1. With springs connecting C-alpha atoms under 10 Å apart, model the chain as a Gaussian network and identify which of Tyr90, Tyr29, Tyr72 has the largest mean-square fluctuation.
2. So, with a 1.4 angstrom probe, what is the percent of accessible area on region 89-205 that is carbon and sulfur?
3. Could you pull out every residue, at least 5 positions away or on a different chain, whose amide H is within less than 5 Å of the one on Ala142? Hs are placed 1.01 Å off N in the peptide plane, and Pro or chain starts have none.
4. Where does region 97-177 land on Rg(C-alpha)/(2.2 N^0.38 Å)?
5. Give me the number: length gained by fully extending Gln143 to Leu12, i.e. 0.36 nm times residue separation minus the C-alpha to C-alpha distance, one decimal in nm.
6. Determine the distance separating the Cα centre of region 1-29 from the Cα centre of region 44-72; give it in Å without decimals.
7. List the residues whose amide H sits under 5 Å from the amide H of Ala27, counting only those 5 or more places along or on another chain, with H placed 1.01 Å from N in the peptide plane.
8. Would you list which lysines come within 28 Å of Lys15, measuring only between C-alpha atoms, while excluding same-chain residues fewer than 8 positions from it?
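The values are calculated or read from the model by the stated rules, or taken from the named source; none is laboratory data. Please read all numbers here as calculations on a predicted model, not as lab measurements. Protein only, heavy atoms only, side chains kept; ligands, DNA and RNA dropped before computing areas. Shrake-Rupley method; radii C 1.70, N 1.55, O 1.52, S 1.80 Å.
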Amino acid sequence: MSTPLEIRNERLAQKMIKNLERRHFEAYYCKTSAEAVEKALGLMPEGSSVTWGGSISIRDIGLTRRLKEGRYVVYDRDDVTTEEDKIATYRKAFECDFYLASANAISEDGVIVSIDGNGNRVAAITWGPKRVVFIVGMNKVAQTTEAALARARSTASPVNAARFDIQTPCQIDGMCHNCNSPQSICNYIHFLRNSHPAKRHIVILVGEDLGY
């Protein structure tokens, strides 16, 4: 029997799928992360070239591990040791068949908000790889675009600053200061309001708390 939260997530996700499709995305809802992994793998034919950004969500659900175990051409920045090789892996994203990402937040009407320090993730989301697959936990849903931006800046960014042990004001007190710190990870703020070309972007909503 479904819990009240599961019922809410299912109903909200179905509404969001319609909103995403209106924005020319391909969109799905999976109740569990295990279902999301199978859905994502089913969308990527074996032999495809795949890479990803720094998403915790795709790692935590085991998607990156499954890709490495499967018959895919995988480019993983975590497998390289030098900064030069890491940048080369970033550049490979523009030639890949699939780029995997999560989002810092998504509005109920389907606008995806992402904040980057280096800009490699939002660059690949915007242009380059043939298709982009988002794995987004329902914990990242906000009522409006403005609320999604607030979530990205006030929740996701301070947590990620702590994760990377970056010396920014939000590391000290957990609050966004709209800073200009040299180590800021909020240098590029990206709004994805329509998928272009149509269905280049795939969104898999997941009825679990994923990432930050």
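1. Largest GNM mean-square fluctuation: Tyr72.
2. Carbon-and-sulfur percentage of accessible area, whole number: 52.
3. Residues meeting the amide H criterion: Ile106, Ser107, Glu108.
4. Details: Rg = 13.3 Å, N = 81, 2.2 N^0.38 = 11.7 Å.
For region 97-177, the normalised Cα radius of gyration comes out at 1.14.
5. Values: separation 131, 0.36 × 131 = 47.16 nm, distance 1.07 nm.
So the extension gain works out to 46.1 nm.
6. Distance between centres, Cα-based: 24 Å.
7. Residues meeting the criterion, in which the H sits 1.01 Å from N, are Val203.
8. By straight Cα distance, Lys15 reaches Lys31, Lys39, Lys130, Lys140, Lys199.
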